[in-house]
Amino acid sequence: MSDPVLRSHQVGSDLATRVKILRDLVYSKESGVYNPLMRQIGLLVTEGCKARADMCELRAIFDFVVKNVRYTGDITRKDTFAGALRTLQYGGGDCDDHSVVCATLALENGFTPKWRITSNTGKSWDHIYCMVGFPKNGPSSWVTLDTTLGPGRFDRQPPFADFRDFQVMT
């Protein structure tokens, strides 16, 4: 499994670079959707749902990440980006890591995810979370998976001053 990507911490850093790093992690052979272990985890997470119960699967993904990935900050003065398997192995990560895990699990279960990057103040881009197209076939709405908000916050968004959405799939 590859080590996390580290770079100098820059609040409000270039969004295109940040999104590219996150996409690369989602599609990584070592830790993302191209790793068979991630497919197995994705299916195990949603095994309690009936076939075609899309909302049940999304809630299962949310609950799994909340339970297994503790929110924690980055290393001092470094942005740290980890793939889904590495984040699950560590048992913790920041909003970037939570977003990668949610997007990877969503893709493994046939959903179309995107990321919402927000600014709390309007001065810098300081938060990211996953949103998932619902239903799977022919999405007509988006379900929020901001697992950093904790238990009981399924499909809720934090307050923000501004946002930009980025597709996970290229």
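Numbers at a glance
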item: Using θ = phi - 60° and Karplus 6.51 cos²θ - 1.76 cosθ + 1.60, couplings along the range 156-161 (whole Hz; Gly, Pro as x); result: 10, 10, x, x, 8, 8
item: Proximal charge balance of Pro151 [Cβ under 14 Å; K/R count +1, D/E count -1]; result: +2
item: Angle in degrees between helix 54-68 and the longest Cα principal axis of the chain, rounded to the nearest 10; result: 50
item: Accessible surface, per residue, of the range 118-170 when the full set of protein chains is kept, probe 1.4 Å, Å²; result: 55
item: Cysteines without a disulfide-compatible neighbour (Cβ-Cβ under 4.7 Å), the chain; result: Cys95
item: Carbon and sulfur %, accessible surface of the range 36-81 computed with the full protein complex present, 1.4 Å; result: 53
item: Point-charge dipole on Cβ atoms (K/R +1, D/E -1) for the range 19-170, about Cα centre, debye to 20; result: 100
item: Antiparallel DSSP beta bridges within the chain, percent to nearest 5; result: 90
item: Local net charge near Leu58, Cβ-Cβ under 12 Å (Lys/Arg +1, Asp/Glu -1); result: -2
item: Largest to smallest accessible area among Arg18, Arg77 [probe 1.4 Å]; result: Arg77, Arg18
item: Given charges at beta-carbon only (K, R positive; D, E negative), |dipole| of the range 61-102 in Debye; result: 140
item: At q = 0.16, 0.17, 0.20 Å⁻¹, base-10 log of I(q)/I(0) for the range 72-170 (Debye sum, equal scatterers on each alpha carbon); result: -0.69, -0.78, -1.06
item: Other-chain or far-sequence residues with amide H under 5 Å of Lys78's (modelled H); result: His9
item: Whole-Å distance, taken between Cα centres, linking the range 142-157 and the range 63-82; result: 15
item: Compactness of the range 54-93 as Cα Rg over 2.2 N^0.38 Å, two decimals; result: 1.35
item: In degrees, nearest ten, helix 95-108 long axis to first principal axis of the chain (Cα); result: 30
item: On Cα atoms only, tilt of 15-26 relative to the major axis of the chain in degrees; result: 40
item: Accessible area (Å², 1.4 Å probe, nearest 10) - Arg153; result: 100
item: Helix-only mean residue ellipticity at 222 nm for the chain, each DSSP H run of n ≥ 4 adding -39500 (n - 2.57), per residue, nearest 500; result: -10500 deg cm²/dmol
item: Debye intensity ratio in log₁₀ form over the Cα atoms of the chain, taken at each q of 0.13, 0.16 Å⁻¹; result: -0.56, -0.87
item: Out-of-range pairs (alpha-carbon distance over 30 Å; input Lys20/Lys67; Lys78/Lys123; Lys20/Lys50); result: Lys20/Lys50
item: Per-residue ³J(HN,Hα) for the range 125-134, Karplus 6.51 cos²θ - 1.76 cosθ + 1.60, θ = phi - 60°, Hz, x for Gly and Pro; result: 8, 10, 8, 9, 8, 9, 10, 10, x, 9
item: Contact order normalised by residue count of the chain, Cα under 8 Å, 6+ apart, percent; result: 23
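The values are calculated or read from the model by the stated rules, or taken from the named source; none is laboratory data. Just so we're clear, the structure is a prediction, and the values are computed from it rather than from any experiment. Every residue, glycine as well, gets a Cβ built from its backbone with ideal geometry; the counts of neighbours run over all protein chains shown. Side chains included, ligands, DNA and RNA excluded: accessible areas come from the protein's heavy atoms. Shrake-Rupley method; radii C 1.70, N 1.55, O 1.52, S 1.80 Å.
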